[in-house]
1. Please give the solvent-accessible surface of residue 81 in Å², to the nearest 10, using a probe radius of 1.4 Å with every protein chain present.
2. Could you let me know the centre-to-centre spacing of region 11-42 and region 44-95, using Cα atoms, in angstrom?
3. Using helices alone, I'd like the mean residue ellipticity at 222 nm for the chain: each DSSP H run of four-plus residues gives -39500 (n - 2.57), total over residue count, nearest 500.
4. Number of Lys-Lys pairs in the chain under 23 Å by Cα, sequence gap 8 or more or different chains?
5. Please give me the summed charge of the neighbours of residue 60: other residues whose Cβ is under 15 Å from its Cβ, Lys and Arg +1, Asp and Glu -1.
6. Looking at the chain from every direction and averaging, what is the projected area of its Cα convex hull in nm²?
7. Keeping the other protein chains in place, figure out the carbon and sulfur percent of the accessible area of the chain, with a 1.4 Å probe.
8. Mean separation of Cα pairs under 8 Å and 6+ residues apart, divided by the residue count of region 20-70: what relative contact order is that in percent?
Amino acid sequence: MQNQGRTVLKPAPKEPRKYNVIILNDDFTTFEFGIMVMMTVFGKTRRQAEEIAETTHVCQKAIVGRYSLDIARSKVAKATRMAREEGFPLRFEIQ
């Protein structure tokens, strides 16, 4: 069967769903280490990282960024590994 000159439109591919990466407050991880992780792993400026750290301190958690699931998992794994290597219990959630 032929198309008979009609254009068949295919749906545009969807953007992958985005997930929030949440940093959780603890009483042991230093402010400076948290800033460094947010800058190196999550690409935040110093000012952005300080604002996130302050929110984390006051509210017990804060959003670090929104990423596709694979990228969120990768960033959380890298940040967690860095924290453990330095002896910090820094934790994250993906929502």
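The values are calculated or read from the model by the stated rules, or taken from the named source; none is laboratory data. Quick caveat: nothing in here was measured; it's all calculated off a predicted structure. Here the Cβ is made from the backbone with ideal geometry for all residues, glycine too, and neighbour counts use every protein chain on show. When the accessible area is computed, the model is the full protein with side chains, heavy atoms only, and any ligands, DNA or RNA have been set aside. Shrake-Rupley method; radii C 1.70, N 1.55, O 1.52, S 1.80 Å.
1. 130
2. What the calculation gives is 4 Å, centre to centre.
3. -14000 deg cm²/dmol
4. Eligible lysine pairs with Cα atoms under 23 Å apart amount to 10.
5. For residues surrounding residue 60, the net value is -2.
6. Dividing the Cα hull surface by four gives the mean projection, 9.0 nm².
7. Carbon and sulfur: 53 percent of the exposed surface of the chain.
8. 55
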